[in-house]
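Engineer: Before I ask anything, let me first share the structure, which is written out below as structure tokens.
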Amino acid sequence: MEDQVAHSFKNSSKPKHILLFSGKRKCGKDFITDILHKRLGDDKSVIIKVSGPIKTHWSKNLGLDLNKLLDSSEYKEQYRLEMIKWSESIRKKDNGYFCRAAIDMYNACDKPIWIVSDTRRKTDIHWFQENYEGLCKTIRVITNPEIREQRGWKFAAGIDDAETECDLDDFDNWDLIIENNGNDVETISEKILKLIN
Ligand SMILES: Nc1ncnc2c1ncn2[C@@H]1O[C@H](COP(=O)(O)OP(=O)(O)OP(=O)(O)O)[C@@H](O)[C@H]1O
């Protein structure tokens with residue numbers, strides 16, 4: 001897999017803009033990036049999930065339902081901890097591995113706007129910034145814990161206190177911070193679109 005990913009990545013063209021989203025579990029990253037994607041259209045934009053290749057690996061090896069791992073349902077929660085552990089071991093050897101694999105998996109190379117919906121580490125952000133200099137905007141989605149709970153979040157030790165959830169807590173170079181506490185989604189989209197217009 002590694003060789004194929006490296007090969008197609010090298011020959012790929014660059015997008016015009018890359019929007020790097022991050023935020024805590026159930027803050028609404030998928031919700032917001034789906035709306036943005038619909039608004040921009042399929043021909044102009046693509047959603048890239050860094051977790052996509054990780055979930056593909058798990059669905060193939062354990063016979064799990066890939067679509068249910070990728071959507072907002074409860075299903076993925078049962079496997080999250082194991083997936084984190086496995087992906088950490090790969091990242092330690094190559095911190096751009098899943099970023100490259102995700103670009104490949106979503107056939108992003110022919111789309112001008114990349115919406116990366118789940119950056120979780122400084123290394124994810126740095127990898128995109130280094131490989132696509134000047135093209136990236138970082139967006140942090142912030143939601144009150146009570147509202148995240150209403151949306152299905154329950155604190156889980158080993159997940160919510162792990163690097164995947166906390167590494168970007170002290171990142172202070174966001175291009176945009178948006179609150180998703182039931183705020184007007186139209187206004188949120190407008191703010192994001194201003195970053196690339
Ligand atoms: N502004 C909003 N208005 C209404 N519902 C919302 C809003 N934002 C998020 N939700 C709902 O909250 C739930 C969690 O949102 P979502 O799956 O987008 O979170 P996430 O940040 O992608 O979570 P995870 O990190 O667990 O993948 C979903 O059911 C989603 O539809």
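Engineer: Quick one: Debye curve from the C-alpha atoms of the chain, no solvent, what's log10 I(q)/I(0) at q = 0.11, 0.17, 0.19 Å⁻¹?
Structural biologist: Results for the chain at q = 0.11, 0.17, 0.19 Å⁻¹ read -0.48, -1.26, -1.61.
Engineer: Hey, what's the Cα Rg ratio for the stretch 105-197 versus the globular rule of thumb, 2.2 N^0.38 Å?
Structural biologist: Its radius of gyration relative to the 2.2 N^0.38 Å reference: 1.21.
Engineer: Taking only Cα atoms and a 10 Å spring cutoff, compute GNM fluctuations for the chain and point out the largest among V141, V116, V46.
Structural biologist: V141
Engineer: Related question: Once the principal axes of the Cα atoms of the stretch 22-134 are found, what is the range along each, listed largest first in whole angstroms?
Structural biologist: 35, 30, 25
Engineer: Per residue, how many Å² of accessible area does the stretch 149-197 show with a 1.4 Å probe?
Structural biologist: 63 Å²
Engineer: Greater than 27 Å separation of Cα atoms is the criterion. Which listed pairs, K24/K76; K14/K60; K29/K85; K44/K92; K38/K76; K44/K137, meet it?
Structural biologist: K14/K60; K44/K92
Engineer: Under 14 Å Cα to Cα from K16, which aspartates and glutamates show up? Leave out anything in the same chain fewer than 8 places away.
Structural biologist: D43, D110, E133
Engineer: A further question on this structure: Given a Förster distance of 41 Å, report the FRET efficiency between L176 and Y75 from their Cβ-Cβ distance, rounded to the nearest 0.05.
Structural biologist: 0.85
Engineer: If you don't mind, there's one more thing I want to ask. Work out the length of the dipole vector of the stretch 1-138 about its Cα centre, built from +1 on the beta-carbon of each Lys and Arg and -1 on the beta-carbon of each Asp and Glu, and round it to the nearest 20 debye.
Structural biologist: Approximately 420 debye in magnitude.
Engineer: Tell me, what % of the accessible area of the chain is carbon and sulfur with a 1.4 angstrom probe?
Structural biologist: Taking all protein chains in place, the chain shows 49 percent carbon and sulfur surface.
Engineer: Hey, another quick one. Based on the mean of other Cβ atoms within 10 Å per residue, sort peptides 13-25, 128-140, 162-174 so the most packed one is first.
Structural biologist: Result, highest mean Cβ count within 10 Å first: 13-25, 128-140, 162-174.
Engineer: Then there's this: Please work out how much length the chain gains when fully extended from E190 to N144, using 0.36 nm per residue of separation minus the C-alpha to C-alpha distance, in nm with one decimal.
Structural biologist: My answer for the length gained is 14.4 nm.
The values are calculated or read from the model by the stated rules, or taken from the named source; none is laboratory data. All figures in this text were calculated on a predicted structure; none of them were measured in a lab. Positions of Cβ are generated from backbone atoms using ideal geometry, with glycine treated the same way; all protein chains shown enter the neighbour counts. Ligands, DNA and RNA are stripped out before the accessible areas are found, and what is left, the full protein with its side chains, is counted by its heavy atoms. Shrake-Rupley method; radii C 1.70, N 1.55, O 1.52, S 1.80 Å.
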